[in-house]
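A.B. asks: After the structure tokens below, expect a handful of questions from me.
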Amino acid sequence: MSAVELVCASANPDKVAEIQAILGPAEVVLLPRPSTVPEVAEDAPTLEGNARLKAAAICEVTGLPAVADDTGLEVDALGGAPGVRSARYAGEQATYADNVRKLLTELLDAGALDASGRTARFRTVALVRYPDGREVAAEGVVEGVIAPSPRGDAGFGYDPVFVPVEGDGRTFAEMSGPEKHAISHRGRAFRALAARLAAGT
């Protein structure tokens, strides 16, 4: 069976590279987002809603099937924050380091000092939108805890402070790409999405 071609709605090169690494070119070929397409306002109240906004916008412009995802880090001690605001937690122009710094500060302010009080999960929703309006979506979740300080140089976003429960104590940023993708939220979401696409659902 030939690979499915999808226009990738993300403008984040780290995320695009990770998605392609997870899927592999044999299953899904990601076509680049047209450079002329402006940023899509991610103002939906849910991860699925934001993924839908992005995929629908790219699909409408290109006339081709488009794939988008949205990811949130849900920290229990912070009432599920940053959640849908994860990428913009420290402000609209926040860097990865800005967001991590704010997260660690908020946890200290909340009195969450040991691992039992720093439980969290990453959640990703991946969604494909077709020109005829059909959609296929899948979700991936991984449980973990927030480390007291960043560790590791790989990955991006909150990876340096997220320690997955199913791992060996390392943060995502201390793992190789394949190690991370095997258990990550994004890996699970996109493998589930690829399986649904292959099954024609």
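Every number here is computed from the coordinates shown, using simple stated rules; none is lab data. Predicted model only: the values in this text are computed from it and were never measured. Here the Cβ is made from the backbone with ideal geometry for all residues, glycine too, and neighbour counts use every protein chain on show.
A.B. asks: Along the stretch 170-184, what does the Karplus equation 6.51 cos²θ - 1.76 cosθ + 1.60 (θ = phi - 60°) give for ³J(HN,Hα), rounded to whole Hz, x for Gly and Pro?
C.D. replies: 7, 6, 4, 6, 9, 9, 6, x, x, 4, 5, 4, 5, 10, 6
A.B. asks: Over the stretch 1-79, what number does the Rg to Rh ratio reach, with both radii from the alpha-carbon atoms and Rh per Kirkwood?
C.D. replies: When Rh is taken as the Kirkwood radius, the ratio is 1.02.
A.B. asks: If the cut-off is a Cα-Cα distance under 16 Å, which lysines reach LYS15, setting aside same-chain residues fewer than 8 apart in sequence?
C.D. replies: Correct list for LYS15: LYS54, LYS180.
A.B. asks: Grab the Cα-Cα distance for VAL29 and ARG88, subtract it from 0.36 nm times how many residues apart they are, and report the gain in nm with one decimal.
C.D. replies: 18.4 nm
A.B. asks: So, one more: Kindly state, to the nearest 0.05, the FRET efficiency for ASP168 paired with ASP98, given R0 = 22 Å and r defined as their beta-carbon distance.
C.D. replies: That gives a FRET efficiency of 0.15.
A.B. asks: Ranking ASP153, ASP70 by Cβ neighbours within 10 Å, fewest first, what do you get?
C.D. replies: Ranked by crowding around the Cβ, least crowded first: ASP153, ASP70.
A.B. asks: Here is a follow-up. In debye to the nearest 20, how big a dipole does the stretch 4-198 give about its Cα centre with +1 on each Lys and Arg Cβ and -1 on each Asp and Glu Cβ? Don't jump to the answer; show the numbers that get you there.
C.D. replies: Numbers: 20 positive and 28 negative charges, 35 e Å.
Approximately 180 debye in magnitude.
A.B. asks: To the nearest 10 degrees, how steeply does helix 96-109 sit against the main Cα axis of the chain, on a 0 to 90 scale?
C.D. replies: Compared with the principal axis, the helix lies near 40 degrees.
A.B. asks: I've got another one for you. Could you calculate the contour length gain from GLU39 to ALA115, that is, 0.36 nm times the residue separation minus the distance between their Cα atoms, to one decimal place in nm?
C.D. replies: Answer, rounded to one decimal: 23.6 nm.
A.B. asks: Ranked by Cβ crowding within 10 angstrom, fewest neighbours first, how are SER10, SER149 ordered?
C.D. replies: SER149, SER10
A.B. asks: Still on this structure: For the chain, build the convex hull from the C-alpha positions and give me its volume per residue in Å³.
C.D. replies: Roughly 113 Å³ of hull volume per residue.
A.B. asks: While we're looking at this one, here's another question. How many nm separate the modelled label positions at ASP153 and ALA195, each set 7 Å beyond the Cα in the direction of the Cβ?
C.D. replies: 3.6
A.B. asks: Mind checking which of VAL61, PHE172, LEU108 is farthest towards the positive end of the stretch 4-198's charge dipole, using Cβ charges of +1 (Lys, Arg) and -1 (Asp, Glu) about the Cα centre?
C.D. replies: After comparing all options, I get VAL61.
A.B. asks: Take every DSSP beta bridge whose two residues both sit in the stretch 4-198, then give the antiparallel share in percent to the nearest 5.
C.D. replies: Roughly 80 percent of the beta bridges in the stretch 4-198 run antiparallel, per DSSP.
A.B. asks: Could you give each residue of the stretch 159-167 its phi-based ³J(HN,Hα) in whole Hz, using Karplus coefficients 6.51, -1.76, 1.60 with θ = phi - 60°, and x for Gly or Pro?
C.D. replies: Along the stretch 159-167, the couplings run 3, x, 10, 9, 10, x, 4, 7, x Hz.
A.B. asks: For TYR89, TYR130, which order do you get if you count the other beta carbons within 10 Å of each Cβ and list the fewest first?
C.D. replies: Final ranking by Cβ density, sparse to dense: TYR130, TYR89.
A.B. asks: In whole percent, what relative contact order does the chain give with Cα contacts below 8 Å and a gap of six or more residues?
C.D. replies: Once normalised by length, the contact order is 18 percent.
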